[in-house]
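Beneath this line is the structure, given in structure tokens, with notes to follow.
The values are calculated or read from the model by the stated rules, or taken from the named source; none is laboratory data. Predicted, not measured: the structure shown is a model, and the values here were computed from it. Note that we place each Cβ from the backbone using ideal geometry, even for glycine, and neighbour counts take in every protein chain shown. Just so you know, the surface numbers come from the protein's heavy atoms only, side chains and all, with ligands and any DNA or RNA stripped out. Shrake-Rupley method; radii C 1.70, N 1.55, O 1.52, S 1.80 Å.
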Amino acid sequence: MAAQGGVLFMEKVSRLLSRQNGKPVLKPNRPLVLKDSVANRKPKKGEASCITEMSLLMACWKQNNFVDGLCSNEIHSFYTCVQKTQATMKNMSKQDVITGGRLSPKQATTLLRRFPNLQSEI
């Protein structure tokens, strides 16, 4: 069914570009061909984590003139929060690779270069 939809779409595009009924409906300023590369954009960062622990640590430092020994509990809680967050991020990145989530721009570009598109219009 997906192949049929693609064929129907291609027929519609070729009909809009043809000169059978006078002027073509579409006038593309570039060839209607996909590029063999993708823009190299970095994925969006997630929200910040461990903000409350960090703010508690900084408040403790301010009260105790930045002496680490007096704020050992806050430092420990902040580091444990950071370790938990890093572990969950690592697990999520592994799941994205396993479940076939979105490809990174680098992976998409290598696949497009391996299997290039036709370099002519419809």
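For the reader, a short list of remarks on this structure follows.
- Residue check, residue 108 assigned to a helix (DSSP H, G or I), under 23 Å from the mean Cα position of the chain (by Cα), modelled with pLDDT under 85 and surrounded by 10 or more Cβ atoms within 10 Å (Cβ to Cβ): yes
- Applying a threshold of 9 Å to beta carbon distances and a minimum spacing of six or more residues, or different chains, the list of pairs starting in region 48-74 at a residue that is at negative phi and open to solvent by less than 100 Å² (accessible area, probe 1.4 Å) and ending at one that is polar (S, T, N, Q) and in a helix (DSSP H, G or I) reads 49/85; 49/88; 53/77; 53/80; 57/77; 60/73; 71/63.
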